[in-house]
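For reference, the structure is listed below as structure tokens.
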Amino acid sequence: MSSTDPYARVAAAYDAELDHAEGDVAGYASRGEGGPLLVLGAGTGRVSGRLAEVRPVTGLDRSADMLARARARGPASVRYVQADMTDFDLGPFAEVIAPNAAFAFLPNRAARAACLACCRRALSKGGPLTLDLLVPSTLVGDAHVPERLAWEGVADGRPTRRLREVFREPVAQRIRLVDRFWVDDTLYAESVLLLHVFSRDEVEWMLEANGFYVDEVLGDHRGGPLREGSDRLLVRGRPL
């Protein structure tokens with residue numbers, strides 16, 4: 001029931017759980033600068049589809065299952081591309097965003113540099129790149145949090161619940177999330193998610209080392225500053 005694609009069997013549950021979220025979409029819409037937009041880690045199209053109401057949007061994701069659901073839900077104006085964040089050439093774009101911690105899934109410095117090189121090429125006209133990341137305090141807490149209920153609802157008409165086990169690895173600056181999905185009281189799928197947890201300084205150095213300058217740092221999608229208690233680390237850079 002496991003897969004190298006952690007979303008191979010859980011796209012419907014992912015959609016059902018997150019579809020109501022609108023705060024990040026509103027933030028991207030209010031700070032967007034218009035023109036063609038590239039969404040990295042587009043998933044089932046929650047962000048891409050809504051932003052397509054006001055501008056041309058391309059969504060990139062490596063999961064065929066997630067993209068199939070994105071195409072089915074529409075709108076048809078969104079162009080979805082199955083590709084890796086570290087190897088794409090689809091531009092040019094006026095703006096690139098990596099919502100919902102998509103950039104944090106890249107496993108090492110080489111992969112992050114490759115992604116940023118692709119983004120810089122895509123932003124040939126100097127538009128912004130926004131990285132939506134976990135806050136550093138995500139690493140604070142018990143090294144192991146036993147499995148507990150994280151969400152329950154209905155996905156594609158069937159009772160579904162997600163249980164999550166959490167492992168914190170502060171030395172590696174990584175958090176490992178083990179999600180187990182139950183449908184009709186039967187274990188349906190398991191996915192393991194590994195996310196890097198960046199500090200603010202690390203992100204700024206990383207962007208500057210890869211041809212960007214940092215334009216803005218925020219602590220939430222409403223435009224608030226980064227501070228203790230912020231729920232996101234949002235960093236926007238522009239090509240030098």
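The values are calculated or read from the model by the stated rules, or taken from the named source; none is laboratory data. Quick caveat: nothing in here was measured; it's all calculated off a predicted structure. Glycine also receives a Cβ, built like all others from the backbone with ideal geometry; neighbour counts cover every protein chain displayed.
Tell me whether segment 162-181 contains one or more residues that are of a type in the set (Val, Ile, Thr), within 21 Å of the chain's Cα centre (by Cα), part of a strand (DSSP E or B) and farther than 16 Å from ALA104 by Cβ. Checking segment 162-181: at least one residue is of a type in the set (Val, Ile, Thr), within 21 Å of the chain's Cα centre (by Cα), part of a strand (DSSP E or B) and farther than 16 Å from ALA104 by Cβ. The residue that is surrounded by the most Cβ atoms within 10 Å (Cβ to Cβ), counting only those in segment 165-193 that are of a type in the set (Asp, Glu) and closer than 15 Å to ALA155 by Cβ, is ASP179. Within segment 54-64, can you find the residues that are outside any helix (DSSP H, G or I) and either aliphatic (A, V, I, L, M) or out of contact with any Leu (no Cβ under 6 Å at 6 or more places or on another chain) (or both)? Matches in segment 54-64: VAL54, PRO56, VAL57, GLY59, LEU60, ARG62, SER63. Considering only residues in segment 19-30 that are free of Cβ contacts under 8 Å to residues at least 60 places away in the same chain and assigned to a helix (DSSP H, G or I), the one that is nearest to the chain's Cα centre (by Cα) turns out to be VAL25.
In contact with a Gly (Cβ under 8 Å, 6 or more places away or on another chain) and surrounded by fewer than 17 Cβ atoms within 10 Å (Cβ to Cβ): does that describe SER124? So SER124 passes the test.
Going by what's in this entry, would GLY32 be described as modelled with pLDDT under 95 and within 25 Å of ASP89 (Cα to Cα)? Yes, satisfied.
Against the criterion of being in a strand (DSSP E or B) and not small (Gly, Ala, Ser), GLU208 does not qualify. Checking the stated criteria, HIS196 turns out to be touching a strand residue (DSSP E or B) at 6+ places or on another chain (Cβ under 9 Å) and surrounded by 18 or more Cβ atoms within 10 Å (Cβ to Cβ). Under the condition of being of a type outside the set (S, T, N, Q) and part of a loop (DSSP other than H, G, I, E, B), the residues counted in segment 31-53 number 11. Could you go through segment 39-53 and let me know if any residue there is farther than 28 Å from PHE181 by Cβ and not aliphatic (A, V, I, L, M). There is at least one residue in segment 39-53 that is farther than 28 Å from PHE181 by Cβ and not aliphatic (A, V, I, L, M). Within segment 218-231, residues that are within 11 Å of SER137 (Cα to Cα) reach partners that are modelled with pLDDT of 95 or more and among the charged types (D, E, K, R) with beta carbons closer than 7 Å, at six or more positions or on different chains, in the pairs SER230/ASP220; ASP231/ASP220.
Taking segment 196-208, which residues are in contact with a helix residue (DSSP H, G or I) (Cβ under 8 Å, 6 or more places away or on another chain) and under 19 Å from CYS118 (Cβ atoms)? Matches in segment 196-208: HIS196, PHE198, MET206, LEU207. Per the listing ALA172, ALA155, ALA110, ALA143, the residue uniquely among the small types (Gly, Ala, Ser) and either touching a Ser or Thr at 6+ places or on another chain (Cβ under 9 Å) or in the same structural domain as LEU60 (by TED's automatic domain parsing) (or both) is ALA110.
Scanning segment 142-195 for residues that are in contact with a helix residue (DSSP H, G or I) (Cβ under 8 Å, 6 or more places away or on another chain), touching a residue at least 40 places away in the same chain (Cβ under 8 Å) and over 16 Å from ALA12 (Cβ atoms) returns ILE175, LEU193, LEU194, LEU195.
Restricted to segment 209-240, and to residues there that are of a type in the set (Gly, Ala, Ser) and buried (at least 18 other Cβ atoms within 10 Å of the Cβ), the residue that is nearest to ARG120 (Cα to Cα) is GLY237.
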